[in-house]
1. Scan the stretch 420-436 residue by residue and report those that are touching a helix residue (DSSP H, G or I) at 6+ places or on another chain (Cβ under 6 Å) and either crowded, with 20+ Cβ neighbours inside 10 Å or of a type in the set (S, T, N, Q) (or both).
2. Restricting to the stretch 267-302, name every residue that is polar (S, T, N, Q) and under 17 Å from Leu317 (Cβ atoms).
3. Out of curiosity, is Lys397 among the basic types (Lys, Arg), closer than 30 Å to Asn295 by Cβ and loosely packed, with under 13 Cβ neighbours inside 10 Å?
4. Quick check on the stretch 300-330: of everything there that is modelled with pLDDT under 90 and of a type outside the set (Ser, Thr, Tyr), which residue is farthest from the chain's Cα centre (by Cα)?
5. How many residues are in contact with a helix residue (DSSP H, G or I) (Cβ under 8 Å, 6 or more places away or on another chain) and closer than 20 Å to Val149 by Cα if we restrict to the stretch 100-113?
6. As an exercise: evaluate Ile415 against (1) closer than 23 Å to Asn471 by Cβ; (2) open to solvent by 40 Å² or more (accessible area, probe 1.4 Å); (3) of a type in the set (A, V, I, L, M) and give the number of the one condition it does not meet.
7. Name the one entry in Gln535, Gln569 that is open to solvent by less than 80 Å² (accessible area, probe 1.4 Å), touching a residue at least 24 places away in the same chain (Cβ under 8 Å) and not in a strand (DSSP E or B).
Amino acid sequence: MENGAVKKLPVGIENFEKIRSEGFYYIDKTCMIRDLLNRWSEVNLFTRPRRFGKSLNMSMLKTFFEFGCDKTLFDGLEIAKETRLCEEYMGKFPVVSISLKGVNGADYETARSMMCAEIGNEALRFQFLLDSDKLSAQEKEIYRKLIHVDAGSADNFEMADDVLMRSLRTLSELLRKYYGKKVIILIDEYDVPLAKANEKGYYEPMVTLIRNLFEQALKTNESLYFAVMTGCLRVAKESIFTGLNNPKILSITSVRFDEYFGFTDEEVKQMLEYYGFENKYDELKNWYDGYRFGNVDVYCPWDVISYCDDLIDDPTLAPKDYWSNTSSNDVVGHFLEQVGNGLTRSEIEALVAGETVTKEIHEDLTYNRLYDSIENIWSVLFTTGYLTQKGKPEGNKYQLAIPNMEIRNIFTGQIMSMFRQEAGKDGETLRAFCEALQTGDAETVEQLFTAYLSKTISIRDTFVRRPTKENFYHGILLGILGFKNGWYVKSNEEAGNGYCDIIIRVEDLDIGIVIEVKYAERGEYDQALNDAWKQIEEKEYAKELIEDGYETIYQYAIACYRKKCRVRQAAYLRD
């Protein structure tokens, strides 16, 4: 701690200079600079899932290499120990740095305008070029085309296609002439425009734009010293890197640079110790660890930082899902839709149970073909972090697994969502199930609920604790009951001396229903039913319904194991 003050946590902050100068906690990844220089490649492409520190590392590179570097920002960091490299490279280069994460227009023209704005604003940082006698009048005119804006809007940059496609090359050439040194080009989130274009239906023109932009900047550009690009997917070379001189692809399977994206176990332990949350280590590990890049197991930085930040306010807080807030998780939905079309329920059940599934992975993909086949979707799930590798691959075959509890919850959430959609379509079964519940017909409730379970994904014993399994069956029941009109259904409502799983009020018939769900470990239904019934009676779950004057109250104990259930029922009838 500096001067007794606890460092702030950099939630959502991707600016290296801000983190270092304004007292934020920083996990040192600066040895990436050393390795970039020692293991030289002219064009480097890092692909990692979202929220693994790509943008912060790019900001770090820009801060280190660019002319005017504040060298104190690196005091105490690992790269500062590399005195020869620092003397030779720190603050010694012109740097062109753009991020394409904001190029996400609803149509091509909007996206193109966003691209012009991103590059135009970067070009504006170098307005001193207009005052330099090192550039000719013609070269200054070329520069003006990069920063030309529509008279009606200060941020609406206007570039003709040829100007836009040559923009990064042009800027690098002008900067090289001004400084007499070759230029470093940084392109963050290079594939976001392609992903959005594919989603919105303008993929082909965007591919053409990106291909030309990159080829001009990165292929046979005599003003380029080296380039670093980041993205989520390794887009097939023939799509946008045609003719590019062998870019070095550094994906999640690469050993080189494997520790620089994501937090290692030791780094997480040090952070928890710094903030006094050592007792949260096991929970945090189960929820946010489990990713494997190259030969290193890593945590998702976004999750770790967000959780630690919330713990400062509430040290008793349990881990929760932070990942879903940053994406729609559509790829999981596309995956589950393939059941019966090359994907089996058993494969999904194995993944949800914490087991592995062996699949052939292809990292070269194109966005317009991501969901063409189940084979492609397996690859997308792997490269985007929804699945990770276990053990050593054999060629292109990887043992795939869900990395942690957070991602598992995304899978089970999508499974539940799809189940609810299917359950809502079968009105006859829904009517029969609810009729059985409101008449005390435990045998039919058992039969129909088992039929519902057979249509969804079961939870096995190897991955989660008993309460989580019970929550799954609880969720299935709620998914079914959510379609019943005229019923007032409450989940985990305070009742009697505790909280009942489900309480239902059928007000027009003056019927109350109490449901307690238990998971039957190893198929021991009788024990689970006895436990549920004991809980119903001891905690007096029906007490509030009795006090509210309901004439008939049905109390159900339900024991579930995999895709089967047993049901026990007793009725309270007012005298």
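The values are calculated or read from the model by the stated rules, or taken from the named source; none is laboratory data. All values derive from a computational prediction rather than experimental measurement. Glycine also receives a Cβ, built like all others from the backbone with ideal geometry; neighbour counts cover every protein chain displayed. Calculation scope for accessible area: heavy atoms of the full protein, side chains included, ligands and nucleic acids excluded. Shrake-Rupley method; radii C 1.70, N 1.55, O 1.52, S 1.80 Å.
1. Ala423, Phe433, Ala436
2. Asn279, Asn286
3. Spelling it out, Lys397 is indeed among the basic types (Lys, Arg), closer than 30 Å to Asn295 by Cβ and loosely packed, with under 13 Cβ neighbours inside 10 Å.
4. Asp330
5. Going through the stretch 100-113 one residue at a time, the tally reaches 7.
6. It is condition (2) that Ile415 fails.
7. It is Gln535.
Each row is one residue, and each column tells you yes or no for (1) modelled with pLDDT of 95 or more; (2) acidic (Asp, Glu).
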site	(1), (2)
Glu199	no, yes
Thr208	no, no
Asn221	no, no
Met271	yes, no
Tyr275	yes, no
